[in-house]
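Take a look at the structure set out below.
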Amino acid sequence: MTNTTIAAVHGRRVWDSRGRPTVEVDVSLRGGATGRAIAPAGASMGSGEAVDLRDGGKKLGGFDVGRAVASVNGEMEQALIGQDAADQAAIDAIMIARDGTANKARLGGNAIVATSMAVLHAAAAAAKVPLWMHLAQGRKVRLPLPEIQIFGGGAHAARRVDVQDFMVMCPGAASFAQAIEWTAEVYLAAGSLMKQAGKLQGVADEGGYWPAFTSNEEALDTLVRAIERAGLEPGPQVAISLDVAASEFGKNGRYALALDDRALGTDEMIAMLGRWLDTYPIVSIEDPLAEDDAAGFRAFTAAYGDRCQVIGDDFLVTNAARVAEAAASGAATAVLIKPNQAGTVTETRAALDAGRQARFGTIVSARSGETEDTTVVHLAVGWDAGQLKVGSFSRSERMAKWNECLRIEEAIGPDASFAGGAALGFRPVQKKVTNDGLESTSV
Ligand code: 2PG
Ligand code: MG
């Protein structure tokens, strides 16, 4: 028995930002330290994700988590009491083995991820340091480049526009705090442009303005104008980032664009995104093709991987093996890291390590269904991921995370380094002109 031996595990039902039930877990250790975490929930999900255990039936739309809470307070508590919280890999291995399924369906991905993260928090509390510092273990870490939504679309806005996230990133900012301030100016400016146009209709699931647009391009145009109206330079200072979330409207190489009332093939999708890259200052595109279109991912990365970061989300589902495969086949240049897609902290870390090994950009991300839980911020900083995506710039489940990151930046003090544009996962092709006037390219 040590200070970090688990003494109690307790699960309860709490509620997320969509008003749906979710699982919160408290872990207490023998030495008195405690840790708490809450499971988030996605709306646009990859088929390879760990799945949440929900009660089904009519009550609460089938979303209740009575069975998941029971698995925490029953089997998981029994299996974890007496184990060492400082050995996260062993704790996670026990839960994976107990669950016994490939997708965590039996005990529930929601129950497992909340417990895994609560154990991590308890271990940091026992070490008497903030979680990010516990994870950094003395290594120098950077504050992440934030990726912040301005308009929400896709599955987060009743499919009002096809693209799910219209976001900004501030590669020209000098610090995390400055990136946040610039984004605040852009968010305000976008709101006033929407108001002027008579299009201000509230916000979507992640706090971005409801996209009352007639085309995806109108959203992109408005975003550029918002950056300009904020007095910032589109591109060098504030760039655009998209999550197409193409699995939501694409399957078997056919992409049904709701707004344009037409279906595109993979090549046409790639050509459309290429036109957007030519027209707008876009530095990052997530899930440009559907999760079943690996060939499309390869073709897109070959064509544009030197002009923007190509992120796999539903495509890679925070899975180390998939990340390694994508790297080997040139199917992406970056990976989104979502703890509840993998299901445990250990598997999440393995996916991040696989990304790092491949020299991918790594973006720690929240989900569209969130709470006050700020674990992802600590993972992004402590693991030095370089980028962080937690939704828009309104609603407290989002602001809790940006604010936590500001606190960490302040705590690190003058030494704090900001990952900035260098964290983006693409390596522009360098054109070199040789003595005899011939051009050669290198990556
Ligand atoms: C995504 C996330 C966050 P969801 O697709 O990247 O924007 O959405 O949590 O619904 O999967
Ligand atoms: Mg996504």
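Please treat every number below as a calculation from the coordinates, not as lab data. Computed from a prediction, not measured in an experiment: that's the story for all the values here. Cβ coordinates were reconstructed from backbone atoms using ideal geometry, including for glycine residues, and neighbour counts include every protein chain displayed.
Counting Lys and Arg as +1 and Asp and Glu as -1 over every other residue whose Cβ lies under 10 Å from the Cβ of ALA37, the net charge comes to -2.
Would you mind counting up the charge near ARG225? Only other residues with Cβ under 14 Å from its Cβ, with Lys and Arg at +1 and Asp and Glu at -1. Cβ neighbours under 14 Å give a net charge of -3. Ordering 363-369, 103-109, 87-93 by mean Cβ neighbour count within 10 Å, with the highest value first, yields 363-369, 103-109, 87-93. Per residue, the average separation of C-alpha pairs within less than 8 Å and at least 6 apart gives the chain a relative contact order of 18 percent.
Computed extension gain for LYS199 through ALA411, at 0.36 nm per residue and net of the alpha carbon distance, reaches 72.3 nm. Among rounded, prolate and oblate, which fits the range 73-190 when a ≥ b ≥ c are the square roots of the eigenvalues of its C-alpha gyration tensor, a/c under 1.5 means rounded, and a/b larger than b/c means prolate? Since a/c reaches 1.5 but b/c is at least a/b, the shape of the range 73-190 is classed as oblate.
Using C-alpha pairs under 8 Å with a sequence gap of at least 6, the mean separation divided by the residue count of the range 129-258 gives a relative contact order of 32 percent. Using the Cβ of VAL203 as centre and a radius below 14 Å, the other residues enclosed give a net charge of +1, where K and R count +1 and D and E count -1.
If you plug the beta carbon distance of ASP267 and ARG359 into 1/(1 + (r/R0)^6) with R0 = 41 Å, you get a FRET efficiency near 0.90. Distance between the 7 Å Cα→Cβ label points at ASP87 and ALA400: 3.2 nm. Estimated from helical segments only, the mean residue ellipticity of the chain at 222 nm is -11000 deg cm²/dmol, where each DSSP H run of four or more residues counts as -39500 (n - 2.57). Each peptide among 319-332, 4-17, 233-246, 254-267 gets the average number of other Cβ atoms lying within 10 Å of its residues, and from highest to lowest they stand as 233-246, 319-332, 4-17, 254-267.
In this calculation the C-beta distance from MET1 to GLN178 is compared with R0 = 51 Å, giving a FRET efficiency of 0.60.
The residue among ALA126, ALA111, ILE94 whose Cα reaches farthest toward the positive pole of the charge dipole of the range 6-128, with charges on the beta-carbon of Lys, Arg, Asp and Glu, is ALA111.
Just to be sure I understand the curve: with the Debye formula and one point per C-alpha of the range 145-428, what is log10 I(q)/I(0) at q = 0.09, 0.17 Å⁻¹? Those come out to -0.37, -1.47, one per q. With the simple spin-label model, which puts each label point 7 Å out from Cα in the Cβ direction, the ARG13 to ASN252 separation comes to 3.9 nm.
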